[in-house]
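A quick write-up on the structure given underneath.
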Amino acid sequence: MIMCQILQIWIFFETCCTSEGEDEDNRTFLDLFSEELVKDPKCLLSQVLDKLEAVRLHALAMEQWNALRLKECDRFYRASATNLIHYAALRSMDIHQLQEALSFLGLSNLEGKNSHIMASLTSIIQILDNLTHQSSKAESKSSSDNEVSPNIEVPIKSKPVHDLKSSLLSSYGRSEAISFLAMKSHARYNAELLLGPSVEGRKTRIMVTVGNEAVEDENLIYNLIKSGVNVIRINCAHDNPDIWRCIIKKIRSCSQMLEQPCRVLMDLAGPKLRTGPFKSGPNVRKIRPMKDAKGIVVAPALVWISPPGVKPPTHRSPDGVVPVDDKEWIRNLEVGDWLKFCDARGKKRTLKIVEKFPTSSDVGCWAECYETSYVESGTEFHVKRQKRKLGNGKVGELSSIDQYVRVKTGDLLVITREPCLAPPTRSNNDLSSPAKVTCSLGLLFDSVKPGEPIEFDDGRIQGVIRGVNISEICVEITQASEKGSKLGPEKSINVPKSNLHFEGLTVKDLMDLDFIAANADMVGVSFVNDVNDVCMLQQELNKRNLKNLGIILKIETQGGFERLPLLLLQAMQSPNPLGVMIARGDLAVECGWDRLAEMQEEILSICEAAHIPPIWATQVLESLAKSGLPTRAEITDAAVGGRADCVMLNKGRHIIKAVSTLDTILRSTWTQQPKMKAVLKPLLLSSLF
């Protein structure tokens with residue numbers, strides 16, 4: 001009965017400004033509204049007020065409908081969960097005409113009010129109520145019979161609505177309309193609880209992903225924190241606990257040394273499909289000088305030669321690092337010496353010593369190389385000196401280079417169950433054998449069908465499945481770069497149209513969770529798809545009594561996006577600090593590139609309504625981090641990311657420069673403005689309530 005009356009009020013408002021000649025002169029809603037406002041301002045104000053009352057009552061009814069969910073939420077999150085319910089109710093209605101009417105009247109049109117829905121509605125209703133009373137009072141001065149007391153809270157022609165409101169409130173109990181400032185303060189507190197304090201002049205935190213390179217470069221963590229990084233992320237899909245432990249030890253030490261807090265996030269690998277490992281490649285370093293368009297060398301390659309483990313000075317970036325086991329031999333080198341050697345191809349090459357540089361642990365030398373060279377483990381350097389000869393130096397153990405296959409549009413690619421394989425070697429004319437990659441997850445081979453799309457490496461490579469058997473999947477590549485795209489180990493595989501579905505945490509996730517509990521501040525949950533995934537994590541955290549470990553829900557699937565409000569309500573049943581990562585890589589692949597902009601806006605809105613800090617992730621300033629030069633689109637994307645509470649950068653050779661640039665962008669004036677200003681449209685996921 002209540003909802004029927006709300007609907008009647010709603011329909012009355014929608015038709016109040018229509019006329020028979022509307023189709024003929026194509027008048028807009030605001031044209032009609034302004035005409036009606038001139039004819040009978042009191043009546044139209046009452047009609048706008050009626051519609052706002054209907055919206056408010058709908059939000060209160062939705063709150064009551066979800067009373068059990070709200071009761072199950074932790075006391076700390078209950079007010080935020082209630083506001084999320086109100087937001088979902090608001091987004092389930094088409095209020096664009098109401099927004100236009102409120103804007104025309106010079107009132108707030110509910111844009112950017114996601115964090116305090118009920119307080120905003122109550123405030124606007126009170127203003128309109130006062131305007132209606134003032135208009136009624138002025139018109140009824142000459143007739144005492146029709147005089148209305150200014151203390152009466154029911155506006156003219158709105159008795160049925162207000163009677164309905166009183167009935168609803170008396171039946172369901174009044175919802176606490178928490179103040180604007182209290183709601184905003186709660187959101188800021190949640191962000192600080194999870195991500196740590198913001199820095200002066202920048203409200204948005206910066207997160208950076210690191211891996212094994214943080215162990216090899218002893219200054220990387222220090223420089224990252226010094227440049228403004230607030231959170232460092234470790235992906236448990238890569239490396240091992242020994243490396244993770246070493247990285248975290250450096251983070252804690254550098255953070256204390258610089259007196260700058262830095263949190264640690266560790267992502268569980270989750271059930272993500274990835275390409276399997278290749279057999280180890282050769283232990284080779286490619287050293288290449290800079291050349292112009294004609295192939296003429298314009299600058300030599302800079303090579304750091306030192307004993308194993310001695311890092312180059314931080315003020316210069318080498319093009320190659322070559323360890324030599326004989327420390328005494330390196331100490332005896334002099335500026336001007338020429339080192340002659342044969343590279344891995346048998347080519348005769350030379351290096352010229354241009355500088356000797358003492359380090360904290362030993363000494364190293366800078367050398368220049370004017371020709372492309374492939375230096376491998378065991379290569380012997382012969383010193384060419386005018387006065388006397390020096391013994392030979394032997395290159396120490398080099399790490400193996402990453403293996404990959406290169407595919408072009410139209411190529412065939414075979415996915416096999418084999419645990420490990422070497423990429424095929426192709427001669428210039430032999431293209432008969434297709435490239436192969438592995439995937440050990442048997443569920444993939446049982447779930448896909450010919451004709452379904454498949455994508456690799458966050459959508460950089462796309463294809464169509466042409467054949468499937470028990471041990472192989474044959475894929476035709478439909479999109480790759482013109483020169484061919486590289487596909488290496490541990491790259492993502494997405495099958496958005498298949499029936500493949502994962503549930504819960506893997507065995508590896510449970511093992512990694514023990515490490516995370518003892519060493520990290522937050523745990524990232526990959527591929528959260530439904531409430532059961534969150535429940536399983538909560539059960540594991542309860543077993544370990546982890547009430548202070550932060551939880552990051554990574555939204556990267558269609559199901560996770562559509563169920564985000566339900567996922568948040570479930571997560572709010574625990575007292576753990578909570579956040580959401582907008583994992584735009586897999587999200588775009590799973591849901592479609594054309595929907596990404598819309599979906600990231602929706603996630604930001606939902607997080608703001610729930611007072612949960614969002615993290616803006618995937619390919620932020622990627623060109624800058626990898627090549628040293630950003631694109632224009634990357635700069636604006638990073639600025640838009642400032643509306644989130646944290647922006648994440650991925651690894652790259654120029655990551656320090658990328659962090660500094662992002663810090664500057666996020667300190668700009670306009671990024672400090674309120675997060676959300678989008679016009680509200682009906683949102684399908686609200687129907688889940």
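Taking neighbour Cβ counts within 10 Å as the exposure measure, how do 433, 526 sort from fewest upward?
Numbers: 433 11, 526 26.
The most exposed by this proxy come first: 433, 526.
Quick query: amide H of residue 554 versus all other amide H atoms, modeled in the peptide plane; which residues come in under 5 Å with a sequence gap of 5 or more or a different chain?
Amide H neighbours of residue 554, under 5 Å, 5+ apart: 525, 527, 528, 581.
Which peptide among 182-188, 482-488 comes first, and what is the full order, when sorted by highest mean count of other Cβ atoms within 10 Å? Mind dumping the intermediate values first?
Working: 182-188: 17.6, 482-488: 15.3.
Top of the packing list down: 182-188, 482-488.
Holding the Cα-Cα limit at 30 Å, pick out from 436/657; 249/352; 71/543 the pairs that are longer than that. Please report the intermediate quantities before stating the final value.
Numbers: 436/657 37 Å; 249/352 38 Å; 71/543 23 Å.
Where the Cα-Cα span goes over 30 Å, the pairs concerned are 436/657; 249/352.
How much length would be gained if the chain were fully extended between residue 286 and residue 249, taking 0.36 nm per residue of separation minus their Cα-Cα distance, in nm to one decimal? List each step's numbers first, then the result.
On the way: separation 37, 0.36 × 37 = 13.32 nm, distance 3.18 nm.
10.1 nm is the gain from fully extending residue 286 to residue 249.
Can you sort 557, 631 by how many other beta carbons sit within 10 Å, fewest first?
631, 557
Taking neighbour counts of Cβ atoms within 10 Å as a proxy for exposure, in what order, fewest first, do 365, 342 appear?
Sorted ascending by nearby Cβ count, the order is 342, 365.
Just so you know, all these numbers are worked out from the coordinates, no wet-lab data involved. These figures come from a predicted structure and were not determined experimentally. A quick note on method: Cβ atoms are made from the backbone with ideal geometry, for glycine too, and the neighbour counts reach across all protein chains shown.
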